[in-house]
Amino acid sequence: MDTFTKRLESAQIAFNFDDLMLLPGFSETRSRDISTDTRFSTNIRLRTPLVSSPMDTVTEARMAIAMAENGGIGVLHRNMTPEEQSRMVGEVKNHEPVSKNATRGKDGRLAVAAALAPTDIERAKMLSKEADALVFDVAHFHTKSILESAKKIIDSTDRDVIIGSMGTKEDVMHSVKALGRVDGVRAGIGGGSICITTDVTKAGSPTPFAVAQAADAIDELGIDIPIIADGGIRTAGDIALVFALGADSAMLGFGLAGTAECPGETITMNGKEYRGYRGMGSKSAREKRLVNDRYADTGGKNFDEGIEGLVPYKGGVVDVIDVLNSAVKASISYAGAGSIAEMAQKARIARVTGRTIKAEIKR
Ligand code: XMP
């Protein structure tokens, strides 16, 4: 066995967003001609590379409709009964797509994904009737028991299946090999704005690092599975950066929280409007008990892995999507690429040093 000192000295560098930047590159495509076409999963194409997170303060039917209408996709959260969630799937499916950019499923109707626990066979059956994709929604997918139960669901459904969350190359290599069919990988553990998993457990995988690890695993396996970067994404630049590391789309919680399409009431305080945003491992989200199995499998599940709070009300999500998407195009252009696929091939990344950080100017 290696010595403990060796273990210490060979610690990997798990880069996070603030550690990295994109270097400018020769650009042949004008910003407005840049394509953000991509895939969410093997069979679902997106015109906008944005995915709304399965959180109960972010994605219910209204958000899923808005996301798909605007070329992205929503993943319905699972902190509700399978009946309620299936009804929401139906609501999205029955919405007539208006925009030509709308994301559609094989059935030609608006596309929608739905989160579930890898043990929830009954929910999988109900969701498989209409949802286009099933998203296994656990903080740490790579465990023996989860692989065994997920395999049963995968073998019983014809829907696209997304596995996650994944933090390392080994997580992805072993899970994909064990499961046979996988249509998407959700990468990043503990990096979310409302996550305290890493503070509490010291375990996690920052999203840029997790994405690069997943992309290498997929390359090494010689297969073609889209990667969804998830957790801690705040800006369009963060999104472009994960494309440079091999991601195909970006999942947002905080980035969409506070918009009109999120579930929940608007709260007015001192003349300003706010909406609630909470981690699915926060005390209040877990009180419903339907999401308890998402977090550390300690039997008792008696500690929090997320926080809750308020975010400023942002108005309609369409504006948020539009602004993000044009800024993502600008980032891609700065990096000298013309598309998301080209980002993976061409973009160059630099490490941020103390000197890169600008002086604070009061505005
Ligand atoms: P952002 O940064 O977009 O992150 O708000 C959203 C992602 O965070 C994850 N998530 C959690 N992780 N405890 C965690 O450790 C939690 O309570 C929690 N709730 C959500 C999830 O991957 C989501 O997409």
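The values are calculated or read from the model by the stated rules, or taken from the named source; none is laboratory data. These numbers come from a predicted model, not from an experiment. Counting neighbours? That spans all protein chains shown, and the Cβs are built from the backbone with ideal geometry, glycine included.
When both residues are 6+ apart or on different chains and their Cβ atoms are under 6 Å apart, which pairs have a first residue that lies in segment 233-255 and is under 20 Å from GLY279 (Cα atoms) and within 15 Å of the ligand (Cβ to nearest atom), and a second that is among the β-branched types (Val, Ile, Thr) and in a strand (DSSP E or B)?
The qualifying pairs are MET251/VAL51; MET251/ILE228.
Given the structure, is LEU110 surrounded by 22 or more Cβ atoms within 10 Å (Cβ to Cβ), farther than 30 Å from ASN16 by Cα, under 20 Å from the mean Cα position of the chain (by Cα) and free of Cβ contacts under 8 Å to residues at least 60 places away in the same chain? Spell out the reasoning first.
On the way: surrounded by 22 or more Cβ atoms within 10 Å (Cβ to Cβ): yes; farther than 30 Å from ASN16 by Cα: yes; under 20 Å from the mean Cα position of the chain (by Cα): yes; free of Cβ contacts under 8 Å to residues at least 60 places away in the same chain: yes.
Against the criterion (surrounded by 22 or more Cβ atoms within 10 Å (Cβ to Cβ), farther than 30 Å from ASN16 by Cα, under 20 Å from the mean Cα position of the chain (by Cα) and free of Cβ contacts under 8 Å to residues at least 60 places away in the same chain), LEU110 qualifies.
Which one of THR268, THR353 is among the β-branched types (Val, Ile, Thr), more than 16 Å from the ligand (Cβ to nearest atom), exposed (fewer than 14 other Cβ atoms within 10 Å of the Cβ) and under 20 Å from THR235 (Cα atoms)? Reasoning before the result, please.
Values: THR268 fails: under 20 Å from THR235 (Cα atoms).
None of the others qualify; the one that does is THR353.
Cβ-Cβ below 9 Å, separation at least six or inter-chain, first residue in segment 135-153 and hydrophobic (A, V, I, L, M, F, W, C), second in a helix (DSSP H, G or I) and within 16 Å of the ligand (Cβ to nearest atom): which pairs?
Sorted first by the residue in segment 135-153, then by its partner, the pairs are PHE136/ILE146; VAL138/ILE146; VAL138/ASP293; VAL138/ARG294; ALA139/THR197; ALA139/ARG294; PHE141/ASP171.
Starting from residues that are in contact (Cβ under 8 Å) with a residue 40 or more places away in the chain and among the aliphatic types (A, V, I, L, M), keep the ones in segment 115-134 and report whichever is surrounded by the most Cβ atoms within 10 Å (Cβ to Cβ).
Only one residue fits best here, namely ALA131.
For segment 207-231: of the residues being assigned to a loop (DSSP other than H, G, I, E, B) and either away from the ligand (no atom under 11 Å from the Cβ) or surrounded by fewer than 16 Cβ atoms within 10 Å (Cβ to Cβ) (or both), which is nearest to the chain's Cα centre (by Cα)? Write out each step before concluding.
Here is the first cut: in segment 207-231, the residues assigned to a loop (DSSP other than H, G, I, E, B) are 222-226, 231.
From what is left, the residues that are either away from the ligand (no atom under 11 Å from the Cβ) or surrounded by fewer than 16 Cβ atoms within 10 Å (Cβ to Cβ) (or both) are 222-226.
Values: GLY222: 23, ILE223: 21, ASP224: 18, ILE225: 15, PRO226: 12 Å.
In this case the residue turns out to be PRO226.
State whether the residues of segment 192-200 include one that is surrounded by fewer than 24 Cβ atoms within 10 Å (Cβ to Cβ), away from the ligand (no atom under 12 Å from the Cβ) and either outside any helix (DSSP H, G or I) or among the charged types (D, E, K, R) (or both).
The answer is no; no qualifying residue exists.
Return the residues of segment 1-22 that are in a loop (DSSP other than H, G, I, E, B), surrounded by 10 or more Cβ atoms within 10 Å (Cβ to Cβ) and of a type outside the set (S, T, N, Q); say none if nothing qualifies.
First pass over segment 1-22, keeping only residues in a loop (DSSP other than H, G, I, E, B): 1-3, 10-16.
From what is left, the residues that are surrounded by 10 or more Cβ atoms within 10 Å (Cβ to Cβ) are 14-16.
Those that are in a loop (DSSP other than H, G, I, E, B), surrounded by 10 or more Cβ atoms within 10 Å (Cβ to Cβ) and of a type outside the set (S, T, N, Q): ALA14, PHE15.
May I ask you to say which residue of GLY164, GLY191, GLY180 is at positive phi, touching a helix residue (DSSP H, G or I) at 6+ places or on another chain (Cβ under 8 Å) and in contact (Cβ under 8 Å) with a residue 12 or more places away in the chain? Lay out the reasoning, then the answer.
Numbers: GLY164 fails: touching a helix residue (DSSP H, G or I) at 6+ places or on another chain (Cβ under 8 Å); GLY191 fails: at positive phi.
GLY180 is the lone residue from the list that is at positive phi, touching a helix residue (DSSP H, G or I) at 6+ places or on another chain (Cβ under 8 Å) and in contact (Cβ under 8 Å) with a residue 12 or more places away in the chain.
Filter segment 173-191 for residues that are of a type outside the set (A, V, I, L, M, F, W, C) and buried (at least 24 other Cβ atoms within 10 Å of the Cβ); which is nearest to the chain's Cα centre (by Cα)?
The first filter runs over segment 173-191 and keeps only residues of a type outside the set (A, V, I, L, M, F, W, C), leaving 174-175, 177, 180-181, 183-184, 186, 188, 190-191.
Filter once more, so that each one left must be buried (at least 24 other Cβ atoms within 10 Å of the Cβ): 184, 186, 188, 190-191.
Details: GLY184: 11, ARG186: 6, GLY188: 8, GLY190: 12, GLY191: 11 Å.
Top of the filtered list is ARG186.
If you take the residues in segment 143-172 that are farther than 22 Å from GLU122 by Cα and not β-branched (Val, Ile, Thr), which one is nearest to the chain's Cα centre (by Cα)?
Restricting attention to segment 143-172, the residues satisfying the condition of being farther than 22 Å from GLU122 by Cα are 166-172.
Then drop every residue that is not not β-branched (Val, Ile, Thr), which leaves 166-167, 169-171.
Working: MET166: 11, GLY167: 13, LYS169: 17, GLU170: 20, ASP171: 17 Å.
Ranking the candidates gives MET166 first.
Taking the criterion of being more than 19 Å from ILE227 (Cα to Cα), among the hydroxyl-bearing types (Ser, Thr, Tyr) and in contact with a helix residue (DSSP H, G or I) (Cβ under 6 Å, 6 or more places away or on another chain), would at least one residue in segment 126-133 satisfy it?
Of the residues in segment 126-133, the ones more than 19 Å from ILE227 (Cα to Cα) are 126-131.
Going one step further and asking which of them are among the hydroxyl-bearing types (Ser, Thr, Tyr), we end up with 128.
Now drop any that are not in contact with a helix residue (DSSP H, G or I) (Cβ under 6 Å, 6 or more places away or on another chain), which leaves none.
Scanning segment 126-133 turns up no residue that is more than 19 Å from ILE227 (Cα to Cα), among the hydroxyl-bearing types (Ser, Thr, Tyr) and in contact with a helix residue (DSSP H, G or I) (Cβ under 6 Å, 6 or more places away or on another chain).
Scan segment 222-241 for residues that are over 22 Å from GLY253 (Cα atoms) and touching a helix residue (DSSP H, G or I) at 6+ places or on another chain (Cβ under 6 Å) and jot them down.
Answer for segment 222-241, where residues must be over 22 Å from GLY253 (Cα atoms) and touching a helix residue (DSSP H, G or I) at 6+ places or on another chain (Cβ under 6 Å): just ILE225.
Select from segment 165-178 the residues that are touching an Asp or Glu at 6+ places or on another chain (Cβ under 9 Å) and more than 8 Å from the ligand (Cβ to nearest atom) and list them in ascending order. Lay out the reasoning, then the answer.
Residues of segment 165-178 that are touching an Asp or Glu at 6+ places or on another chain (Cβ under 9 Å), as a first pass: 165, 169, 172-173, 178.
LYS169, VAL172, MET173, ALA178, listed by residue number.
List pairs: first residue in segment 328-346 and within 12 Å of ALA247 (Cα to Cα), second residue modelled with pLDDT under 95 anywhere in the structure, Cβ distance under 9 angstrom, at least six positions apart or on different chains.
Note: pairs meeting the criteria are GLU342/THR29.
So which residues in segment 81-107 are surrounded by 17 or more Cβ atoms within 10 Å (Cβ to Cβ) and closer than 22 Å to ARG289 by Cα?
PRO82, GLN85, SER86, MET88, VAL89
I'd like the residue in segment 23-64 that is touching a Phe, Trp or Tyr at 6+ places or on another chain (Cβ under 7 Å) and not in a loop (DSSP other than H, G, I, E, B) and, out of all such residues, is surrounded by the most Cβ atoms within 10 Å (Cβ to Cβ).
Filtering segment 23-64 for residues touching a Phe, Trp or Tyr at 6+ places or on another chain (Cβ under 7 Å) gives 24, 46, 51, 57.
Restricting the remaining residues to those that are not in a loop (DSSP other than H, G, I, E, B) gives 46, 51.
Details: LEU46: 26, VAL51: 28.
Filtering segment 23-64 for residues that are touching a Phe, Trp or Tyr at 6+ places or on another chain (Cβ under 7 Å) and not in a loop (DSSP other than H, G, I, E, B), the one surrounded by the most Cβ atoms within 10 Å (Cβ to Cβ) comes out as VAL51.
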